[in-house]
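Notes to accompany the following structure.
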Amino acid sequence: MNDDFRSAGWWRDETVLDDLRRSAASHPDKPALVCYRGGVPETVTYAELAHRVDRLAASLVRLGVGRGDVVTLQLPNSWQLVASILACARIGAVAGPVVPIMRRREVEFMTRLTASPVYIAAAEFRGFSYAEMSAEVARAVPGLRHRVLLGGADHGGTDGALDFDRDLLGPEPSPEEIEALDALEAGPDDPAQVVFTSGTTGEPKGVVHSHNTLYAMNRAQADVLHLTIREVTAMGSPTTHQAGYTWNFVMPLILGATAVQVDAWDPDVMLRILEEREVTFFMGAPTFLSDLIEAQRASPRDLSSLVTFATGSAPIAPLLVEDAREVLGCRVYALWGMSENGCVTITRPEDPAMRAAESDGTPVPGMEVRIVGREGEPVAAGQPGLLQVRGAAQCLGYFRRPEVYAESLTEDGWFDTGDLAREDGYGGIRITGRVKDVIMRGAENIPVVEVEAALLRHRAVKDVAVVGYPDPRLGERACAILVAADSSADPPLTLDDMRGHLAGLGMAKQYWPERLEIVPSLPRTPSGKIQKFALRDRLRA
């Protein structure tokens, strides 16, 4: 299979460092990154980025980082994060991105599992002290030899941590040190990244990707959306999450485009940035899309440059597709993917625009999907089954947990995603739920995602999750936990309103929720996925 991926062009004999060097040579003054910290921009050109990568790489070598070592990176969206990732590749090390919301318990687990010798973070971000937390982690994980803090020199009590600007970026490497980097640099099939799954089930695993598997996923998604060197990309998610890592770091770097990195989500600030930087492409969960639509309605900006909005992780309401076109002026594309394989399916520019509300797309080039029964048997057209995938973007496995990864592989090499899907009638797939999210009401499986998608068609519903709760007679019943579009509505939404709406759509009565909870917001991962395990815990309580 590996030779097939190479001959088809999905794997190559280069890495993103070659892309960086090409851009630095051909358009050195072009912005590679425009980074907003607290709403203030800083532009880094391709030539500047290449120079900073070498400085950081030489400093990591001085700290004793070797080939194959995992460098833990818990930085907010910034050029420092991007340059640090590339510096890891420059010395054959592996980037270990960790989303900023993770705290001591998670970071301690990750650094111990990966035996990470170096941890890099902001000293403080959004009112939280990573300096203090990382000191506690270092005391618990003896192998964590160095902590490097951005802004560390400006904060007291860093317990012997190094300062990013002074100790990592500051030293000018000698010509001999630069020459030595060439011998260390990662190859295309070497591990590039260990990214931990976002934990919608509460059980994160370290997903290992090579430079080639990352290339395959990013090349494919750019090709199907016809993205080019002229793109200016942006996101609301952390670049330390796989969605941000691919769509707003690796992909624009491969294209030679410009990526806008924003350290914290604020829809009003993001609208200003979209206008200022003439952003052409945005990727984010449907919640980011609805936030931008509301903000644009309240205080319109010139968004004429914005063409493409790619979204996934949750059903997309038809009204959201329409509002995106009318309010933001952009086209919405629905996609499905995982940390393990990136964007696997996506709707296409050649499809009708409303397809984004009806489908999760067709497979990208280089990836295959199939829907099977519990024993691997084919399922009838239109019937739900287990979604399995394979192809050039599939990860190498789970870090130091080969037995867990092996459990997800079939004998013929398909990866069992843990998602349920059916054919969408257009040659693609429609996600119907997670295997672990299945609600078994008596003898009937409730197609959770389809019920959620139907409820989102109600104009009074802004966000929704359907989860199961215990029932002594039927085993489980379904509860709809929703966010109202207007929290001050009088009278408020009722269960009868929702059930009447589903009846009007012709949905079978056994699928209707039997309980309704209205909440201000739903708990989500940084990429926007709903944390259903938290909702189930709440219902049990």
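The values are calculated or read from the model by the stated rules, or taken from the named source; none is laboratory data. The model shown is predicted, which means the values in this text are computed figures rather than measured ones. Cβ placement follows ideal geometry from the backbone for every residue including glycine, while neighbour counts extend to all protein chains displayed.
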With the first residue restricted to region 345-369 and required to be more than 14 Å from Leu387 (Cβ to Cβ), and the second required to be of a type in the set (Phe, Trp, Tyr) and crowded, with 24+ Cβ neighbours inside 10 Å, Cβ contacts under 7 Å at 6 or more apart or on different chains are Ile346/Tyr333; Thr347/Tyr333; Ala356/Tyr333
Test each condition in (1) at pLDDT 90 or above; (2) of a type in the set (Lys, Arg); (3) more than 28 Å from the chain's Cα centre (by Cα) for Lys462 and report the one that comes out false.
(3)
Select from region 499-518 the residues that are within 20 Å of Ile530 (Cα to Cα) and either assigned by TED's automatic domain parsing to the domain that holds Ala314 or out of contact with any Lys or Arg (no Cβ under 7 Å at 6 or more places or on another chain) (or both) and list them in ascending order.
Pro513, Leu516, Glu517, Ile518
Would you check which residues across region 447-473 are touching an Asp or Glu at 6+ places or on another chain (Cβ under 9 Å), surrounded by fewer than 16 Cβ atoms within 10 Å (Cβ to Cβ) and not in a strand (DSSP E or B) and list them?
Ala460
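Of all residues in region 482-498, which are in contact with a Lys or Arg (Cβ under 8 Å, 6 or more places away or on another chain) and either without any contact (Cβ under 8 Å) to a residue 24 or more places away in the chain or of a type in the set (Val, Ile, Thr) (or both)? Spell out how you get there, then give the answer.
Filtering region 482-498 for residues in contact with a Lys or Arg (Cβ under 8 Å, 6 or more places away or on another chain) gives 482-485, 495.
Val483, Leu495 - these are the residues of region 482-498 that are in contact with a Lys or Arg (Cβ under 8 Å, 6 or more places away or on another chain) and either without any contact (Cβ under 8 Å) to a residue 24 or more places away in the chain or of a type in the set (Val, Ile, Thr) (or both).
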Suppose the filter is outside any helix (DSSP H, G or I), in contact with a helix residue (DSSP H, G or I) (Cβ under 8 Å, 6 or more places away or on another chain) and surrounded by fewer than 18 Cβ atoms within 10 Å (Cβ to Cβ); does Arg12 pass it?
yes
Does any residue of region 334-357 turn out to be among the aliphatic types (A, V, I, L, M), surrounded by 22 or more Cβ atoms within 10 Å (Cβ to Cβ) and not in a strand (DSSP E or B)?
yes
In the list Val40, Val16, Val34, Val65, which residue meets the criterion of being over 18 Å from Met251 (Cβ atoms), out of contact with any Phe, Trp or Tyr (no Cβ under 7 Å at 6 or more places or on another chain) and touching a residue at least 40 places away in the same chain (Cβ under 8 Å)?
Val65
Which of the residues that make up region 304-347 are more than 30 Å from Val195 (Cα to Cα) and not aliphatic (A, V, I, L, M)?
Ser304, Ser305, Pro318, Glu322, Asp323, Arg325, Glu326, Gly329, Cys330
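If the requirement is being polar (S, T, N, Q), at pLDDT below 95 and touching a His at 6+ places or on another chain (Cβ under 6 Å), which of these qualifies: Ser521, Ser527, Ser488?
Numbers: Ser521 fails: touching a His at 6+ places or on another chain (Cβ under 6 Å); Ser488 fails: touching a His at 6+ places or on another chain (Cβ under 6 Å).
Testing whether each residue is polar (S, T, N, Q), at pLDDT below 95 and touching a His at 6+ places or on another chain (Cβ under 6 Å) leaves just Ser527.
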Identify, please: which residue in region 285-300 is surrounded by 15 or more Cβ atoms within 10 Å (Cβ to Cβ) and of a type in the set (Ser, Thr, Tyr) and is, among those, farthest from Cys330 (Cα to Cα)?
Thr287
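Would you check if Val207 is surrounded by fewer than 24 Cβ atoms within 10 Å (Cβ to Cβ), of a type in the set (A, V, I, L, M, F, W, C), assigned by TED's automatic domain parsing to the domain that holds Leu33 and not in a loop (DSSP other than H, G, I, E, B)?
Working: surrounded by fewer than 24 Cβ atoms within 10 Å (Cβ to Cβ): yes; of a type in the set (A, V, I, L, M, F, W, C): yes; assigned by TED's automatic domain parsing to the domain that holds Leu33: yes; not in a loop (DSSP other than H, G, I, E, B): yes.
Here the answer is yes, as Val207 does meet what is asked.
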